[in-house]
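The values are calculated or read from the model by the stated rules, or taken from the named source; none is laboratory data. Being a predicted model, the structure only gives us computed values, none of them experimental. Glycine also receives a Cβ, built like all others from the backbone with ideal geometry; neighbour counts cover every protein chain displayed.
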Amino acid sequence: MKTSTASWDIGRRWPDDIGALDSESTLVLAFGGSECLDRPEGLEALRAAFPRGHVLGCSTSGQIRGDSVRDGGVDAMVMRFDRATLRVASARVNGEGGSFRAGCEVGDQLCRGNLRGVFVLSDGTQSNGTQLCSGMASKLPAGVPVTGGLAGDGERFLRTWVCCDGAPAQGMAVAVGLYGDDSVSLWHGCKGGWDTFGPERVVTRSKDNVLFELDNEPALSVYERYLGEHAAGLPASALLFPLALRRNGSQAVVVRTVLGTSREAGSMTFAGDIPQGATVQLMRADFDRIIDGASEAASMISLGDIPGTSAACVPISCVGRRIILKHRTEEELEEVVNHLAPGMPHVGFYSYGEISPMVGSSCELHNQTVTLTVFAERTGGRDAPDARKAAA
């Protein structure tokens, strides 16, 4: 596998040799601001440079390239595989039951022999990430890792886009499947680093990703009581106080972040499902533990002892982490870079939700985590191990 990275900004062009790695086995991941919906020329030029390759991407709450983060423009990772073959899929996520249906459609399109892993991107304001993951898991072979994330729009939560070999569009999910023998791997790591506080509460009324009541009280009222002065900044301030969710009969904890609120209904809409009967608890940030979470996520992936393996990393971190860390944001990116193989290219983004396996599942929505996806291809040496499976 050969790789390259590049950036584009309004008034500037892509490098003249940006399309040098074009082939039918080339994957281009492009991440940029939501303004690309109005100014798509950067994405259009990138697509023109790769007439045979596959260009997938999404809007962000900041692009990650190496150990730095920036807003606006477009940042791209190019990967030309030697042995792997690629297949792309897309579906609409909006409408009643749209996210689950989209997951099923994408899974159906990608369910072929020798599938080694799937990377998925979805609209960040119209997707139910839990339902999307459930739909994909219902169609894909057991054990195939699925990673990716939900598109971002800074702290605005107004509009997001994804693209799949075309112009940026809203209300879509796109994915790419990697196929091949055991020389092709999709590795992953996922960690958080938040602390719980306050009492555990039971979800007494909810529907899908909309939470109406906690302990028979309007959910928004409970949330505002704990947020205090931060309540005036909802829904954006809720990124500082996500929910730790434990489903009935399970000790596994996933994190859920608020996407919107309804004062009239006293409800809150989350990036993923909040099942009725589940137990939830508020969370808050500890700066050092959040940064340590990035280090732990990276430590789950180690390719240094596998001769002849080339790899590229796509870090996806929650926008809530960026809001909390502020000027310390690049510290978590430095932790990622320090723990992975020297020289491994890194291009990713800050998101509205992260997708990565947990123990016992191949596809799960997370919030407030750092999720790392490493595309790896072995060209020599002993067999590559199976893709890593790690809990958040």
Residue list for the range 339-358, filter: under 18 Å from Ala312 (Cα atoms) and either free of Cβ contacts under 8 Å to residues at least 40 places away in the same chain or not in a strand (DSSP E or B) (or both): His339, Leu340, Ala341, Pro342, Gly343, Met344, Pro345
Mind listing whichever residues of the range 153-166 are in a loop (DSSP other than H, G, I, E, B) and within 20 Å of Leu86 (Cα to Cα)? Asp165, Gly166
Please enumerate the residues belonging to the range 249-272 that are in a loop (DSSP other than H, G, I, E, B) and touching a Ser or Thr at 6+ places or on another chain (Cβ under 8 Å). Gly266, Ala271, Gly272
Mind listing just one residue for me: the one in the range 157-173 that is of a type in the set (A, V, I, L, M) and at pLDDT 95 or above and, of those, farthest from Pro40 (Cα to Cα)? Ala173
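To keep it simple, each residue is scored yes or no on (1) of a type in the set (A, V, I, L, M, F, W, C); (2) surrounded by fewer than 24 Cβ atoms within 10 Å (Cβ to Cβ).
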{"residue": "Arg159", "(1), (2)": "no, yes"}
{"residue": "Gly166", "(1), (2)": "no, yes"}
{"residue": "Gln170", "(1), (2)": "no, yes"}
{"residue": "Ala173", "(1), (2)": "yes, no"}
{"residue": "Gly177", "(1), (2)": "no, no"}
{"residue": "Asp181", "(1), (2)": "no, yes"}
{"residue": "Val184", "(1), (2)": "yes, no"}
{"residue": "Gly189", "(1), (2)": "no, no"}
{"residue": "Pro199", "(1), (2)": "no, yes"}
Looking at the range 101-121, which of its residues are more than 17 Å from the chain's Cα centre (by Cα) and either in a loop (DSSP other than H, G, I, E, B) or closer than 19 Å to His366 by Cβ (or both)? Cys111, Arg112, Gly113, Asn114
Looking at Ala20, is it of a type in the set (Gly, Ala, Ser) and buried (at least 16 other Cβ atoms within 10 Å of the Cβ)? no
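One line per residue, one yes/no per condition, for (1) part of a helix (DSSP H, G or I); (2) buried (at least 20 other Cβ atoms within 10 Å of the Cβ); (3) modelled with pLDDT under 85:
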site	(1), (2), (3)
Gln276	no, no, no
Ala297	yes, yes, no
Ser302	no, no, yes
Asp305	no, no, yes
Pro315	no, yes, no
Glu334	yes, no, no
For the range 218-236, the count of residues that are free of Cβ contacts under 8 Å to residues at least 12 places away in the same chain and surrounded by 15 or more Cβ atoms within 10 Å (Cβ to Cβ) equals 3
How do the strands (runs of 3 or more DSSP E) wholly within the range 38-85 filter down when requiring 2 or more residues that are among the aliphatic types (A, V, I, L, M) and either surrounded by fewer than 24 Cβ atoms within 10 Å (Cβ to Cβ) or in contact (Cβ under 8 Å) with a residue 40 or more places away in the chain (or both): which remain? 54-59, 74-80
Taking the condition crowded, with 23+ Cβ neighbours inside 10 Å, in contact (Cβ under 8 Å) with a residue 12 or more places away in the chain and not in a strand (DSSP E or B), does Leu239 pass? yes
I'm trying to understand the selection: among the residues of the range 346-385, which are at pLDDT below 90, small (Gly, Ala, Ser) and either under 15 Å from the mean Cα position of the chain (by Cα) or over 20 Å from Gly177 (Cβ atoms) (or both)? Gly360, Ser362, Gly380, Gly381
